[in-house]
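Written below as structure tokens is the structure these notes are about.
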Amino acid sequence: ITISNTAPELTAVSISPNTPSSQDNLTCSTTSTDADSDPVSVTYQWFSNGNLLSSTTDTLNGPFQDGDELTCAATPSDGTDTGLTVETSVLITNSTPSIASVQLSPSVVYTEDIVTATVSASDADGDPLSYTWYWSVDDGSGPQIVSTNNGSATTDTLDGVFHFDKDDVISVEVE
């Protein structure tokens, strides 16, 4: 009786991160088994929206496009036999924009001044940003939203003639 080699198997294939954004690098991880206890090597192929890419390692570097479906195809081998290829995929999602700071000016405000808020923000995907500005004034009875504005400008203003008086506390929230 001749006992022949048994092909290795992949018991798990995964891509991390599992909810990637366009700027992430992807790593394909595998778990394998071989009934003959032979050492197992794994070869990799990557696909973007069904199209074969040039990367043949376990890592695929971004950037990617929002909505891309990226697939890792992993194939085990024990040097004698090749096992079945196992695939797994992830969908590239839009990155959440980040607000670094919001600055108010002037630093000393009088009743008839115009207060200007300036936002510093970024988006890892390079998408155009738009903002919602929520201006609040607290006259001592608790903050009340007095103005809400939307747009793509990185500055917004609140006019003291219409919205605040001496000793009021002014704040702005930007989303």
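The values are calculated or read from the model by the stated rules, or taken from the named source; none is laboratory data. Quick caveat, the model's predicted, so the values are computed rather than measured. In this analysis, Cβ positions are derived from the backbone assuming ideal geometry, glycine residues included, and neighbour counts consider all displayed protein chains. Surface areas here come from the heavy atoms of the whole protein model, side chains and all, with no ligands, DNA or RNA. Shrake-Rupley method; radii C 1.70, N 1.55, O 1.52, S 1.80 Å.
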Legend entry - Local electrostatic count at F47 - Lys and Arg +1, Asp and Glu -1, tallied over other residues with Cβ under 11 Å: -3
Inset, instruction - Determine, from the Cβ-Cβ distance of I145 and V108 and an R0 of 25 Å, the FRET efficiency 1/(1 + (r/R0)^6), rounded to the nearest 0.05. - result: 0.60
Inset, instruction - At 1.4 Å probe size, with every protein chain present, just tell me what the per residue accessible area of the chain comes to in Å². - result: 60 Å²
Legend entry - T155 versus A12: modelled label distance in nm, points set 7 Å from Cα along the beta carbon direction: 5.4 nm
Legend entry - Volume per residue that the Cα convex hull of the stretch 1-103 spans, once the total is divided by residue count, Å³: 103 Å³
Legend entry - Label-to-label distance, nm, for residues given as L129 and F162 (7 Å Cα→Cβ offset): 2.5 nm
Inset, instruction - Counting helices only, and only those DSSP H runs with n ≥ 4, report the 222 nm mean residue ellipticity of the chain as the sum of -39,500 (n - 2.57) divided by its residues, in deg cm²/dmol to the nearest 500. - result: -500 deg cm²/dmol
Legend entry - the chain - percent of accessible surface contributed by carbon and sulfur, probe 1.4 Å: 47 percent
Legend entry - Overall form of the chain per C-alpha gyration tensor (a/c, 1.5; a/b vs b/c): prolate
Inset, instruction - Tabulate in residue order the Karplus-calculated ³J(HN,Hα) for the stretch 152-158, using 6.51 cos²θ - 1.76 cosθ + 1.60 with θ = phi - 60°, rounded to whole Hz; enter x for Gly and Pro. - result: 9, 5, 8, 10, 8, 10, 9
